[in-house]
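Data block below; observations after.
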């Protein structure tokens, strides 16, 4: 039996009720790197309730997701692991297709969702996995773990990678606090607690 979704804590804002700052935020989201077909749901629906904040957050998000030198496959892998660690329903729902298109294998995605180490993942994904798990466990990373990922990303890439992690934790927290789940009819990836 499918699990019941929790109701969002923020009301949807009908198009005819949008304030100018909210419409400007929508226009900015759709004119940026994500494209004009971007749906205003999930974190963007949250941002509409604080459009000045939302503008800054979505600009950072557009950069983190689409403009860093971190390879998209590794970035999307990291986003999925962040979504799993936070049990962020919408974040997982939204990023599985991106991860698949970027080249993350279905069996790797299934392992992450189940909370297992992705043993068949390539070495670079395993370096990302180990880095994120160690960071969450100890709130730091040791020299060996750091050096493994540094060898793949370089100094600038490491800074951007940590930024990607931080941004998607911000998104996961926002989605979880405001109960923004997948669209109606979509299953929940994780059990609610």
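The values are calculated or read from the model by the stated rules, or taken from the named source; none is laboratory data. This is a predicted model, so every value here is computed, not measured. Positions of Cβ are generated from backbone atoms using ideal geometry, with glycine treated the same way; all protein chains shown enter the neighbour counts.
General remarks:
- Candidates 10, 25 - the one that is surrounded by 13 or more Cβ atoms within 10 Å (Cβ to Cβ), touching a helix residue (DSSP H, G or I) at 6+ places or on another chain (Cβ under 8 Å) and in a helix (DSSP H, G or I): 25
- A single member of 19, 24, 50, 12 is at pLDDT below 95, more than 17 Å from residue 190 (Cβ to Cβ) and over 16 Å from the mean Cα position of the chain (by Cα), and it is 12.
Here is a yes/no grid of residues against (1) part of a helix (DSSP H, G or I); (2) in contact with a strand residue (DSSP E or B) (Cβ under 8 Å, 6 or more places away or on another chain); (3) not assigned by TED's automatic domain parsing to the domain that holds residue 114:
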{"residue": "33", "(1), (2), (3)": "no, no, yes"}
{"residue": "38", "(1), (2), (3)": "no, no, yes"}
{"residue": "44", "(1), (2), (3)": "yes, no, yes"}
{"residue": "49", "(1), (2), (3)": "no, no, yes"}
{"residue": "54", "(1), (2), (3)": "yes, no, yes"}
{"residue": "61", "(1), (2), (3)": "yes, no, yes"}
{"residue": "78", "(1), (2), (3)": "yes, no, no"}
{"residue": "82", "(1), (2), (3)": "yes, no, no"}
{"residue": "92", "(1), (2), (3)": "yes, no, no"}
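- Taking region 102-120 as the range and being touching a helix residue (DSSP H, G or I) at 6+ places or on another chain (Cβ under 8 Å) and free of Cβ contacts under 8 Å to residues at least 24 places away in the same chain as the test, the residues that pass are 106, 117, 118, 119, 120.
- For residue 88, the conditions (1) surrounded by fewer than 16 Cβ atoms within 10 Å (Cβ to Cβ); (2) modelled with pLDDT of 95 or more all hold with the exception of (1).
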